[in-house]
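Working notes, structure below.
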Amino acid sequence: MDNIVNTSTFVFEAWRGAVSDPGKQLIFAALLLLLAAYMGWRSSWPRRAVDAVESVTATLAIFLINILLTPAVWLLSEHFKALYALLGIPSVPGSVWEGLPLWLLSAIAIVTQDFANYWNHRAMHLKWLWPVHAIHHSDPVVNGLTTYRIHILEALVMWGSYTILLTWLGMPADAIGIGALFVTFHNVYVHINVDWGHGPLRLLIASPRFHRWHHADVPEAHGKNLANIFPFFDWMFGTYRVPGPCDAPVGAAGIPRNDVVKLTLWPLLEWARLATLWVEARRARIVGWLARGAGLGKSMPFDIKAD
């Protein structure tokens, strides 16, 4: 047992040293992208080659756009952090985490982040936020690279919420960094096109089958399987659905598939459309009220006069 513990500690410390070096972080990021690209190509190959190429090209273009806009996201995240500080909400004192091993702190960071992400994700499936999240669901060939097909506005919401949460928790930066690296690798994993269900561990750790059902474009799957890592959150809150292998089509009906310009502008265009419908509905309601009021006045058998 001691040998197992020592080996695990050695591996963990080696991983910690690797991810804390900026140069190695870039290497990890490059390898991660290559892995995602390979899995995207491999999983898409049985489909029409044109669909696969268009999907991967569009996803990479969206990813590059987000990279260019990342400084703005970080800047706004810092503003969120400053605004949070102005509220004067008591945060968890750093002394709470003193003495805890880094592996446990990293595990706490991962669970906490996924709990926050569950509710972020659930909100993203609501009417007014769906136009932002729909860009992620627009991929008709879900694969490892689909992880990076997100609108910059979604990245802003996620980073803002994580910044506030982690500021409140006051956890060590090492634990947060290791947790973020695990989350990134796992997100790539659940998007690959393999039918792995994890058997008895299916509620403990999200599988590709679990997340494939989330991307299924069928009514019974909409708004289901919202956790990124821990399906037991879905089980707890009534959004878990994995009836078996997922053969349903993926994507999002009515959303541009691989048109990068349209996908980038989609949230703004949809919000304008929804706002127009909202204004028209309110105007129709007001006109209805006025019409009913005028009709009531004409039908009265007597006049009401002031004394």
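Values quoted throughout were computed directly from the atomic coordinates according to the rules given, and no laboratory measurement underlies them. Please read these numbers as outputs of a predicted model, since none were measured by experiment. Don't worry about glycine lacking a Cβ; one is built from the backbone with ideal geometry, like all the others, and counts go over all protein chains shown.
One table, with the values for the structure above:
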| item | result |
| --- | --- |
| Residue list for region 104-140, given a label point 7 angstrom along the Cα-to-Cβ vector of residue 281 and an amide N cut-off under 16 Å | 126-131 |
| Exposure proxy ranking, count of Cβ atoms within 10 Å, fewest first, for 159, 289 | 289, 159 |
| Segment residue 232-residue 289, extension gain: residue separation times 0.36 nm, minus the distance between their alpha carbons | 15.7 nm |
| Amide H within-cut-off set for residue 250, under 5 Å, with H built and near neighbours excluded | 217 |
| Footprinting exposure proxy for 274, 86 (fewest neighbouring C-beta atoms within 10 Å first) | 86, 274 |
| Residue-wise HN-Hα coupling along region 79-92, computed from phi with Karplus coefficients 6.51, -1.76, 1.60 (Hz; x: Gly, Pro) | 5, 4, 5, 5, 5, 4, 4, 5, 5, x, 6, x, 10, 5 |
| Taking region 65-168 and dividing mean pair separation by its residue count, relative contact order in percent (alpha carbons under 8 Å, at least six apart) | 48 |
